[in-house]
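A short worksheet on the structure shown next.
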Amino acid sequence: MNMKPNGKSLAKLMRTVCLALAWFGLPLDAQTPAGKASQAKEPGGGLEFTLGEIPPVSIACEGHVSTTKNGVKFDVFFDNGRKSNAVIYAINTGRKQLVLTPDKHKAILEDLIRRKFTVIVADFRDKKLPGIELEKYTVRLTEDARAAADGILHPSALLRPPLATKDAAAVSKTDTFANDYFTLMPGFTVRRDVAWFHYSDIPEPLRKEIATQLGKPFSAADGGKANTYDLIYPAHGPAVGVLTHYCSSENEREDYYPTEKTYLVMAFAFKNLAVIHQQYFNDPVGGYPKGYGYYGDQFAASFIRHVKGNAASYHIDPRKICAFGHSKGSEVPGMLVNRLRGTPPYFDAKVNFKKVNLMEKDRTIPSPFSGLPTDITCAIFGAGIANQEMHNDKAQPWNNHPATNLSPFFIYADHRADTRLNTRKVVAKAEANGVPVETVEQESHTWPIGSAYDKASAFTDRMLDLHY
């Protein structure tokens with residue numbers, strides 16, 4: 001197949017239907033005795049998970065390559081032209097997967113192709129990984145999927161050489177130049193760069209006060225700066241639990257690739273969880289942490305209310321939310337552990353601490369979902385800023401029924417001695433006050449996060465009560 005056609009008419013003629021190459025569709029146990037696929041059962045308008053295998057279905061695309069690596073069969077589907085996004089559609093992993101009709105699987109993946117994703121179907125039919133080993137395989141899987149797609153990584157804040165290349169002339173046979181590889185369980189899809197917050201959402205009087213106190217000029221143009229997230233979610237339902245990830249890179253967007261900061265996030269996709277990969281919001285006036293110190297609590301509360309307010313659209317169960325953050329990214333999840341975060345005095349504790357003398361409406365970030373609670377089910381911290389947030393009596397309700405008003409959390413300390421010491425203090429305080437807490441100390445730098453992953457994964461399964 002000539003994968004570099006010239007002209008729209010030739011490209012249209014070359015658009016093929018790739019038959020019996022993508023292994024996704026209706027589970028085998030839902031087929032008729034004659035071998036013909038029957039309609040998948042969707043009781044009550046909902047959807048079911050099944051252990052049945054997924055057979056072939058047709059995919060319309062302009063190019064296809066196939067290979068097998070480490071026992072996993074990879075079929076790569078794409079349209080021509082440069083692509084900066086990729087998905088890994090992991091099927092027949094041995095875990096339950098969504099029952100969908102072939103047409104629905106087809107529609108999900110062809111939509112991704114139209115949106116300029118490279119679609120990589122990873123069939124685990126001949127490679128069954130028991131239990132947690134499947135989750136921990138995400139590093140190898142991503143590397144093999146990228147190799148199957150002949151994908152090129154470009155240097156970024158986290159993906160530097162030798163992992164990424166500086167060679168501008170590098171050629172990919174599928175035209176895949178992506179740093180973001182979204183692992184999807186069957187039936188899930190991706191939305192990119194959802195803008196949920198702009199700096200202008202902060203009332204102008206408060207923005208002017210921040211600039212004045214920090215000795216910076218006020219610029220109305222700063223209001224255009226947005227905070228965005230990428231979202232993995234089941235395209236047709238049912239409502240599933242969600243992992244929110246607050247990134248920690250204050251200078252650039254954080255790639256969705258299994259580096260130390262995102263490994264846990266990508267691996268948790270195998271739990272059939274929705275995933276929200278939220279970029280770090282660096283204040284355009286004060287940067288980190290000065291500007292953020294005026295409204296970080298309101299920002300955190302507004303975000304989780306946004307998630308809950310859109311739960312029906314995203315097929316998320318708002319009763320099953322786990323918040324995760326590493327290093328600076330642990331600050332927002334640390335705030336949300338406080339189940340009273342959306343109420344005084346915690347909601348606006350930062351602006352009060354800064355002695356901002358404004359009317360309430362001029363110092364409060366409005367939310368269309370202000371009536372929703374801000375509590376979460378649990379949190380996972382890669383210790384850092386979370387130590388400060390969790391130990392603070394003014395930031396957390398340590399003097400107000402903490403066993404009731406603090407969500408369970410898992411905290412792992414990194415290899416620095418001072419961080420391990422601070423984490424021990426947080427854990428001891430939680431245990432003394434009856435707050436469910438689990439922890440792992442890392443005495444040396446381990447990748448990917450050593451035994452902390454195993455215990456964090458088991459903790460999440462229990463807290464979210466995952467049975468699918």
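Here are some notes:
- If you check 392, 338 for being on the phi < 0 side of the Ramachandran plot, at pLDDT below 95 and not hydroxyl-bearing (Ser, Thr, Tyr), only one passes: 392.
- Residue within region 141-161 that is under 23 Å from residue 456 (Cα atoms), touching a Leu at 6+ places or on another chain (Cβ under 7 Å) and at pLDDT 95 or above present: no
- A search for C-beta distances below 9 Å between a residue of region 273-292 that is in the same structural domain as residue 314 (by TED's automatic domain parsing) and in a loop (DSSP other than H, G, I, E, B) and any residue that is crowded, with 22+ Cβ neighbours inside 10 Å and acidic (Asp, Glu), counting only pairs 6+ apart in sequence or on different chains, returns 279/254; 280/254; 291/283.
- A count restricted to region 240-263 and to residues that are of a type outside the set (Val, Ile, Thr), part of a loop (DSSP other than H, G, I, E, B) and either closer than 23 Å to residue 132 by Cα or not assigned by TED's automatic domain parsing to the domain that holds residue 445 (or both) stands at 5.
- Within region 234-261, tally of residues that are surrounded by fewer than 22 Cβ atoms within 10 Å (Cβ to Cβ) and among the β-branched types (Val, Ile, Thr): 1
Residue-by-condition table, conditions (1) assigned to a loop (DSSP other than H, G, I, E, B); (2) of a type outside the set (A, V, I, L, M, F, W, C); (3) at positive phi; (4) outside the structural domain of residue 265 (by TED's automatic domain parsing):
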| position | (1), (2), (3), (4) |
| --- | --- |
| 77 | no, no, no, yes |
| 80 | yes, yes, no, yes |
| 94 | yes, yes, yes, yes |
| 105 | no, yes, no, yes |
| 110 | no, yes, no, yes |
| 128 | yes, yes, no, yes |
| 141 | no, no, no, yes |
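- Single match in 452, 432, 417 (criterion: over 29 Å from residue 400 (Cα atoms), loosely packed, with under 13 Cβ neighbours inside 10 Å and outside the structural domain of residue 136 (by TED's automatic domain parsing)): 417
- Lone qualifier among 174, 183 - being assigned to a loop (DSSP other than H, G, I, E, B), in contact (Cβ under 8 Å) with a residue 24 or more places away in the chain, β-branched (Val, Ile, Thr) and surrounded by 17 or more Cβ atoms within 10 Å (Cβ to Cβ): 174
The values are calculated or read from the model by the stated rules, or taken from the named source; none is laboratory data. What you see is a predicted model, and the numbers here were worked out from it, not measured in a lab. No Cβ is skipped: glycine too gets one built from the backbone with ideal geometry, and neighbour counts run over all protein chains shown.
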